[in-house]
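Notes follow once the structure below has been shown.
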Amino acid sequence: MRTLDGARVLLLEDEFLIALDAEQILHELGAREIETTSTLSEAEERALVGRYDVALLDVNVNGQMSFSLAESLRSRGVPVVFATGYELKERALPDIDPALCVSKPYTSERLRQALRAALEGSTQP
């Protein structure tokens, strides 16, 4: 079974090549629609009008953190997975379930696991 069968995904990623890679992985995992944004303001605008099943958000987008966008999405029932260039083994994100985070560059398997955890409503152990 594919993790994202028919899902609509909001992707926030400011690095072009990583965004392309993420789009390909999301399609392989079964996403039907992927809206890719490269700025926090654009993602916030799309989040207000779009309907998404899950979001994949870069933590740090051109020096701006995406946590407020994540809270807004979650308040409307949209699960969120965070992507970060930070090494998560040494520096966990505050108040974020590690199962919902992927280090960049990420693998297809690791992203699949995080998306599945988000869609199943993972909570911190």
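Helical content alone sets the calculated 222 nm signal of the chain at -10500 deg cm²/dmol, taking -39,500 (n - 2.57) per DSSP H segment of four or more residues and averaging over every residue. Its Cα centre serving as origin, the chain has a Cβ charge dipole (Lys and Arg +1, Asp and Glu -1) of approximately 360 debye. Quick one: net charge of Glu15's neighbours, Cβ under 12 Å, K/R +1, D/E -1? Residues near Glu15 contribute -3 overall. When the surface is traced with a 1.4 Å probe over the full set of protein chains, Leu17 keeps roughly 130 Å² accessible. Per residue, the Cα convex hull of the chain amounts to 99 Å³.
So what is the relative contact order of the chain, in percent, for Cα pairs below 8 Å that sit 6 or more residues apart? Walk me through the intermediate numbers first.
Numbers: 197 pairs, mean separation 28.4, N = 125.
That works out to 23 percent.
Using a probe of 1.4 Å, the accessible surface attributed to Phe16 totals some 150 Å² when neighbouring protein chains are kept in position.
Note down the magnitude of the dipole of segment 6-74 about its Cα centre, charges +1 on Lys and Arg C-beta and -1 on Asp and Glu C-beta and zero elsewhere, to the nearest 20 debye. Walk me through the numbers on the way to the answer.
On the way: 5 positive and 14 negative charges, 64 e Å.
In total the dipole reaches around 300 debye.
The values are calculated or read from the model by the stated rules, or taken from the named source; none is laboratory data. All of these numbers come straight from a predicted model, not from anything done at the bench. We place every Cβ from the backbone using ideal geometry, glycine too, and count neighbours over all the protein chains shown. For the accessible areas, the whole protein counts, side chains as well, though only heavy atoms, and no ligand, DNA or RNA atoms are used. Shrake-Rupley method; radii C 1.70, N 1.55, O 1.52, S 1.80 Å.
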